[in-house]
Amino acid sequence: MMLIPCPHCGPRPETEFVYGGDANVKRPDPAAPDAEWTDYIYFRDNPKGAHRELWLHAAGCHSWLTVERDTVTHAIGSVSYTKDSGE
Amino acid sequence: MSARQPNRSDTGGWLIDRSRVEIFTFDGREIPFYPGDTVASALLAAGETLVGRSFKLHRPRGIFGLGAEEPNALLTLGAGATLTPNARATMIPAKPGMQVSSQNRWPSLKHDAFGLLDKVKAVLPAGFYYKTFMWPASRWMTYEKYIRRMAGLGPAPRARDTEQYARRNIHCDVLIAGGGPAGLAAAEAAAANGQSVILAHARPSFGGGVHSMPQGPHRRWFQDTLAGLEAMPNVRLMTSTTVAGYYEHELLTLSERVRDRDSAAGTAPTERFWEVRAGRVIIATGAIERPLLFANNDRPGVMLASAAQGYLWRFGVLAGQAPVLFGGDDSLYPLARALKDAGAIVRAVVDLRSDPGLVAAAYVADGGKVIAGAMVAKAHGAKQVSGAEVWRIDEGAPHVQETIPTDAILISGGFGPSLQLHAQSKGALEWDESLGAFVPGVPNGANCSIGGARGVFDLPAAIADGVAAGKAASLPERDQADRPTAPQPWELPNPTGGIRFVDLQNDVADKDIALAAREGWHSIEHVKRYTTLGMGTDQGKIAGPIGLALLAAATGKEVAKTGLTTFRPPATPVTFGAVAGGHLGEVGHAIRRSAADAWHESQNAVFIDAGLWRRPQYYPSNGATLGEAYRAEAAAVRAGLGLVDVSTLGKIDLAGPDAAELMDRLYCNTMGTLKVGRGRYGLMLREDGRVFDDGVVFRLAEDRFHLTCTTGGAGAVYQHIEHALQVLWPDLKAYATPVSEEWFAAAIAGPKARDYLAAIAPELDVSNEGLPMMRLAETMIAGVPARVMRMSYSGELSFEINVPADWGGHVWAHMISTGNSYGLTAYGTEAMGALRIEKGHVTHSEADGRTTPDDLGLGRMASRKKDAIGVRALDLPALQESGRKQLVGLVADDPAAAFPQGAQVTAEALGDQPRPSLGHVSSYAYSSELKRMVALALLKDGRALHGQTVHVVSLIMGVAAAAKVTDPVMIDPDGERLRG
């Protein structure tokens, strides 16, 4: 079970979190064409190795976090508040 | 040696206390033992070589190993409420009065009726069950009960387990798995550096391989090291504790056996299950010896040489009075000498090497018998080995040398590291050709394997490993020279053609693996499942590597490229009781109760789970059944007045200057224009256009909304809102607070609802003008401040009343007592469901994650004038196509017809032809208004079918009923009842 270092609560076990998917996808403008929306809704990369992803600390501070995780080793790099990512 | 312990020697016995003799029973016979014995060592000492029958063929089996790798000696401990099946005799300490029984035999171990199965092994090859019982299904029904009786291990206990179990969580700097010499050295070195250390050892006493050796300076080292560790406050020493699982980021699970199940209870639990989060992990779980294959290699008396060595030095027990040793390296000779010194007559050492070298020569010079360039090709005897048939294989064609009378064949095919924990942590594995074994490669996570667990078998080298690992230094180079020159056991010929078992526990023979390969199963994962190789409770600790090599040979691949099966926790079996801990029965999971729960219970309500909540499903007055009760409750609502507890509905308070803007983005319909004090039904969509949740929203102030959502969806909706606020639009100034538990909520519904409301809320103007539909008013009820919302789920004139949760019980009681003169009837979720089905209101049965607003007939709610989650997807072509399933109502033609559970809908009645499905019934109920069954259904282009007759069918239930397709709103389509 992974240990995710929440910037607000400290390192906490994975069971306190809810996975939120790929952090790299950006919601398109409503005027964007169907293809762009289809891509956003249905298609995700499945990288082997480094991955930026969203986790909600649901049993903690309820922050959505952007977590860098290696999908092979589960090693966790940086963790930050998603709302501060300024993207 | 005594008459009762014929195999007990005066030599060895480091772990036993010879000062007193205790007794346990095995199949009713008294077995004497010394404190410190395992059940296995005591049985061996008493000459009980036959201890069980094999899983599939019921062949007689004896003790084969020394520890957790034991495939045969699975026994049942205790009886009744303390019965534990499949206990490993090699791991269970013998205790006075213990009741031990053999398994999988009838009527007795020595005379087993199903032993005949062994004679028909030819008709039970690999995949037999797959091939035989696939079709027709009815055949399986006939065979199953016989097969279930024949196969299997111990009986599952029938009585409820009365024992106590505990779960603990703990952190440490270093967790060391295995308290042999390497683990002890590692613990000492890590603790000396000031780190907090847990040393877990599966057996009752530390030492491991130290105890399988004669007297020597290592004993002093062991005693001093252990005494040093016991004195250190930063070391937690855990015996009888198995490290069962290794999970991500160094979370490990430990199973600790605290006391015997049938011993006096006291306050201690039987077992403790530990979750340990370690800074780093040192794996010192040792190595496991490989057997050698020959015909009838499963006979009682055939044993791993290392096990025989262990039984001698640890327990002073001889594996046999006249053993034959069989192997291919120098380790055989010290063992042969030790057994001889301990009183055994060593018949011969059969050495695979044609030129065994100096150690063997010295043994011969001292009068020992060595047969070089030879193998044991077959074991004679049935319930006990009686002879070893030795064949020469070094020159020309294999030929018989002699058959040696013997009662034990001790075999050694080299050692392989115990890889379980390293592999569970997803560390890489490397094939070591000279060792003939996989060894740990690059680790994943903060761990390292030391000593035997990485292929270092020499005692000083293993201790050096431990010291280095304890200091977190890099490990010494593995010395290539000190390794035994192991033969490759899978390469041995089978000149007699007899059966050779690879997996003793599951009765998998070498020819089963060859057959699987011939039939096209080339992946070890497939072969495992097809033959059941390695699928026993020993997890194939012995069988796995050999089966793998045999498959590699059969498919012409290198062993290294054939790969291993995935290692999964637990490394050794863990009881369900230990995993469950105290989470049993009433405290199995948390229960959320409404403030009126005590009243529901006083009315003998039947409860139904809704998430963690429990809700009254119906109130069975006068012994009414579910069907009778809900029909009466629903009819009472339509005719007069009903009261239902709706506290479980999700409630979220949304506030902030941008709250209105956020509402517009969360709901597919317009919410920003809602006036203060008014409410509106809303739909939330997922970004893919499917309905996510629904509920009524009230605007409490310009910058504040009160959202309701479904009971089951409350948690997910809150997360969804936080996602919108923190991920999608962090610039919006608003915040959400879940307030479900803040409020007690009850709905009153029925023609008398207004009169009744006036009585309980005398300060409130309850007229149509004073409190129109979808309005919120604040007033006092039963002396408590309350919100009254006029809204309806049942289709009747209805009000929902919210009061602070702490006052819920008080207000509910007041409502019940005031309601008597109005004929107030409490109703449960089943009647609520029937009422909403009649009105075509959807729940998650209809909004099932596949349906869009338009599918549910709510397409007009989705506003295209703003950006809201999920609205853009509604324009994608796939959601515009014809042929989508649409919500309709179904009304049974025949008032007596039943709608079956899980029904499909067809256009034509079922004859003997299959019919295409138009769709399915999502919800159904008896309509007290229409006096027949009604249903909501999702049918292909269903709105075009209004007025047509369809058939509601269930092939499983054997039911079919004709029904008319209607609008989902099946009663009061104009909503006149809502006005009251």
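Any read-out appearing in this document is the output of simple, stated calculations on the displayed coordinates, not a laboratory observation. In this text, all values refer to a predicted model and were calculated from it rather than measured experimentally. Every residue, glycine as well, gets a Cβ built from its backbone with ideal geometry; the counts of neighbours run over all protein chains shown.
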Give me a comma-separated list of calculated 3J(HN,Hα) values for the stretch B:274-289, in order, Karplus coefficients 6.51, -1.76, 1.60 applied at θ = phi - 60°, integers in Hz, x for any Gly or Pro. 9, 10, 10, 9, 10, x, 8, 10, 10, 9, 10, 8, x, 10, 10, 7
Report the FRET efficiency, 1/(1 + (r/R0)^6), for B:Ala909 and B:Asn622, where r is their Cβ-Cβ distance and R0 is 51 Å, rounded to 0.05. 0.85
Cα-based shape type of the stretch B:291-413, given that a ≥ b ≥ c are square roots of the gyration tensor eigenvalues and the cut on a/c is 1.5: oblate
What aspartates and glutamates sit close enough to B:Lys752 to cross-link, taking a C-alpha to C-alpha distance under 13 Å and skipping anything fewer than 8 places away on the same chain? B:Glu796
Pop a pseudo-label 7 angstrom from the Cα along the beta-carbon direction at both B:Ala758 and B:Val676 and give the gap in nm to one decimal. 3.0
Amide H contacts under 5 Å for B:Lys733, placed H, 5+ residues apart: B:Asp658
Efficiency of FRET between A:Glu68 and B:Leu876 - r from beta-carbon atoms, R0 30 angstrom, step 0.05: 0.40
Added length on full extension, which subtracts the Cα-Cα distance from 0.36 nm per residue, B:Gln223 to B:Arg168: 16.8 nm
Taking Cα atoms only, helix B:543-555 is inclined relative to the longest principal axis of chain B by an angle, in degrees rounded to 10, of 90
Just counting partner chain Cβ atoms within 10 Å, what average do the residues of peptide B:871-878 show around their Cβ? 4
What FRET efficiency comes out for the pair B:Ala382/B:Ile345, r = Cβ-Cβ distance, R0 = 22 Å, nearest 0.05? 0.50
Burial-style ranking of A:1-14, B:696-709, B:179-192, average other-beta-carbon count within 10 Å with highest first, yields B:179-192, B:696-709, A:1-14
Give me the percent relative contact order of the stretch B:500-562, please, defined on Cα pairs under 8 angstrom at least 6 residues apart. 34
Fewest-first ordering of B:Lys865, B:Lys95, B:Lys651 by Cβ atoms within 10 Å yields B:Lys865, B:Lys95, B:Lys651
Under 1.5 on a/c is rounded, so check that first for the stretch B:882-980, then, if it is not, pick prolate when a/b is larger than b/c and oblate when it is not; a ≥ b ≥ c are the square roots of the alpha carbon gyration tensor eigenvalues. oblate
Quick check: from the Cα gyration tensor, does chain B come out rounded (a/c under 1.5), prolate or oblate? prolate
By count of other Cβ within 10 Å, fewest leading, how are B:Tyr827, B:Tyr718 ordered? B:Tyr718, B:Tyr827
The stretch B:790-833 and the stretch B:1-73 have their Cα centres apart by a whole-number Å value of 70
Across the stretch B:426-441, in residue order, what do the Karplus-derived ³J(HN,Hα) couplings come to in whole Hz, using 6.51 cos²θ - 1.76 cosθ + 1.60 with θ = phi - 60° and x for Gly and Pro? 6, x, 6, 10, 10, 8, 9, 4, 5, 8, x, 8, 7, 10, x, x
Using modelled amide H (1.01 Å from N, peptide plane; none on Pro or chain starts), what sits under 5 Å from the amide H of B:Ser594, excluding residues fewer than 5 places away? B:Arg614
Amide H within-cut-off set for B:Leu683, under 5 Å, with H built and near neighbours excluded: B:Cys668, B:Asn669
So what's the back-of-envelope 222 nm ellipticity for chain B, counting only DSSP H runs of four-plus at -39500 (n - 2.57) apiece and dividing by all residues, rounded to 500? -6000 deg cm²/dmol
May I ask you to order B:394-404, B:241-251 by the average number of other C-beta atoms within 10 Å around their residues, highest value first? B:241-251, B:394-404
Extreme residue, positive dipole direction of chain B, given options B:Ala446, B:Asn86, B:Gly343 (C-beta unit charges): B:Gly343
Please tell me the relative contact order of chain B in percent, rounded to the nearest whole number, where contacts are Cα pairs under 8 Å and at least six residues apart. 9
What Cys residues in the protein assembly as shown are without a partner cysteine, judged by a Cβ distance under 4.7 Å? A:Cys61, B:Cys172, B:Cys448, B:Cys668, B:Cys709
Whole-angstrom gap from the stretch A:11-59 to the stretch B:709-767, using each part's C-alpha centre: 30
Return B:Val921, B:Val364 ranked ascending by Cβ neighbour count within 10 Å, so the fewest neighbours appear first. B:Val364, B:Val921
In nm, give the distance between the simple-model label positions of A:Tyr19 and B:Ala514, each being 7 Å from the Cα along the Cα-to-Cβ direction. 4.5
Return the average number of partner chain Cβ atoms within 10 angstrom of each residue Cβ along peptide B:728-734. 2
Roughly how many nanometres apart are two label points built 7 Å out from the Cα toward the Cβ at B:Val359 and B:Asp941? 8.4
Work the Kirkwood hydrodynamic radius out for the protein assembly as shown: mean of 1/r over every pair of different alpha-carbon atoms, inverted, in Å. 34.2
With +1 at each Lys and Arg Cβ and -1 at each Asp and Glu Cβ, the charge dipole magnitude of chain B around its Cα centre, to the nearest 20 debye, comes out at 1520
Farthest towards the positive end of the dipole of the stretch B:882-980, among B:Leu910, B:Ala937, B:His951 and with Cβ unit charges of +1 on Lys and Arg and -1 on Asp and Glu, lies the Cα of B:Ala937
Tell me, what HN-Hα J-couplings in whole Hz come from the Karplus equation 6.51 cos²θ - 1.76 cosθ + 1.60 at θ = phi - 60° for each residue of the stretch B:80-86, using x for Gly and Pro? x, 6, 10, 5, 10, x, 6
May I ask for the distance between the Cα centers of the stretch B:849-897 and the stretch B:261-322, given as a whole number of Å? 63
